There are 2 protein chains.
Amino acid sequence: MLTDLLTASNPLPEELDERLAAQLAFVVEVDRLKTVLRQSPLAAAARRENDAEHSWHLALMVILLAEYADEPIDVGHTMALVVVHDLVEIYAGDTPLYDTVGAATQEARERAAADRLFGLLPADQATLLRGLWDEFEAKSTPEARFAKALDRLEPLLLNWMARGGTWRTPGVTAAVSRARTSAIAEASRALGAAAEAIIGEGERRGWVASEA
Amino acid sequence: MLTDLLTASNPLPEELDERLAAQLAFVVEVDRLKTVLRQSPLAAAARRENDAEHSWHLALMVILLAEYADEPIDVGHTMALVVVHDLVEIYAGDTPLYDTVGAATQEARERAAADRLFGLLPADQATLLRGLWDEFEAKSTPEARFAKALDRLEPLLLNWMARGGTWRTPGVTAAVSRARTSAIAEASRALGAAAEAIIGEGERRGWVASEA
Ligand SMILES: [Ca+2]
């Protein structure tokens, strides 16, 4: 949590005005999201996915899959939620979906990270981004519920393509996968049915265990 | 251009309905954007940036920097433009900003890639994504002009942080960098001035050459 800002060793030109300088220093700092690795393997290469790529993938899924939201959603607002949703992991790290130990401290770690990260921005934008992150975490709007659903659906697709992926984490079964992805059906009956098709067929093929 | 789809070797479950199956196969296929490398070095790690990370970075910049657009813009629409803008590079590859040889064939290669890629989607969504990509390329709206400006500003920030980066490409000078990033000032006087501050100070420090 006490790492220097990336721009500390190489400040942006002094002639920028204060507000824009803070915004651009933040834009540079969040480059770190590209280095936060998730557990999910890519479908297109033999390496794990990072948070920035994952966030982009969700944004595209919002555009393509919004029609399946059970409650009407604003596409632009949902995109803003997914673009911002993992930023705190820059300082808090990724907590894998199947990591119950990490989950216990996740909330406190992420809240401290949010205070530091969003505090770099001008006050109005700190409030804006903190609000988007809180909305996503609390699933307090149709947009947040749909964003959370996509956040659960994307790794299911990657597990399918890997013929296992994080489904092979010790202790994970089809029932555990169903429980961890229940947010999908909460926001979309159609995508919930697709998730069940993927988990069910994955189970039949032995890509996710039936019993622990 | 004739690569099989990623899902060809591992089709999604058959019970998905046709429209959703096509959409999800597209979602899987665009995982490839995470493997398309740009020339720009990351600020946060010693490797080059990929197109998916870059597209995410632009989407966040839209949220933070929209206030500097000289013409009013719709933030959600601008995010959709940047999320989609590099997709054709999945089949056409990245054409670096300073690659004049590649630039000669870029338009034809990218148009063929767009036909194939967007053709995977249901017809209405193929039209939607093709329209977003055409709008971005043609800079035909305030949103597209601002999206293009951010597409030019982000690598300038990465070059600054690398104390050179692609500025050190043979043949590139401060004048070349100014010409290649003129889209920034076309959409935003404030961001255009920031770009000039970055290039000008980069030149004074010897990170970009004054003369070829
Ligand atoms: Ca490009």
**Q.** Two-site FRET efficiency, residue A:10 against residue A:123, from Cβ-Cβ distance with R₀ of 30 Å, rounded to 0.05
**A.** 0.75
Q: Please check chain A for the longest run free of GluC sites (Glu not before Pro) that are loop-located per DSSP (anything but H, G, I, E, B) and have at most 12 other Cβ atoms within 10 Å.
A: A:15-210
Q.
Name the residue from B:59, B:160, B:125 whose Cα lies farthest towards the positive end of the charge dipole of chain B, charges +1 on Cβ of Lys and Arg and -1 on Cβ of Asp and Glu.
A. B:160
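Taking a ≥ b ≥ c as the square roots of the Cα gyration tensor eigenvalues, with a/c under 1.5 meaning rounded and otherwise prolate when a/b beats b/c, else oblate, which class fits region B:57-185?
Cα axes put region B:57-185 in the oblate bin.
How large is the dipole of the protein assembly as shown about the Cα centre if only Lys and Arg carry +1 and Asp and Glu carry -1, each at its Cβ, rounded to the nearest 20 debye?
Using Cβ point charges on Lys, Arg, Asp and Glu, the protein assembly as shown gives about 1160 debye.
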(Q) Suppose you put the label 7 Å out from Cα in the Cβ direction; list, shortest first and in nm with one decimal, how far residue B:175 is from each other copy's label. (A) 7.3
(Q) Ordered shortest first, which distances in nm separate the 7 Å Cα→C-beta label point of residue B:116 from those of the other copies? (A) 4.5
(Q) For the rotation taking A to B, I'd like to know which residue in chain A has the C-beta closest to the axis, plus that distance in Å. (A) A:76, 1
Q) Taking the label point as lying 7 angstrom from Cα along the Cα-to-Cβ axis, what are the distances from residue B:5 to the corresponding position in the remaining copies, in ascending order and in nanometres? A) 4.6
Q. Given a Förster radius of 22 Å and the C-beta distance between residue A:37 and residue B:17 as r, what FRET efficiency does 1/(1 + (r/R0)^6) yield to the nearest 0.05?
A. 0.05
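Throughout, read-outs are computed from the coordinates displayed, never taken from laboratory work. Worth saying up front: this structure is predicted, and the values here are computed from it rather than measured. Here the Cβ is made from the backbone with ideal geometry for all residues, glycine too, and neighbour counts use every protein chain on show.
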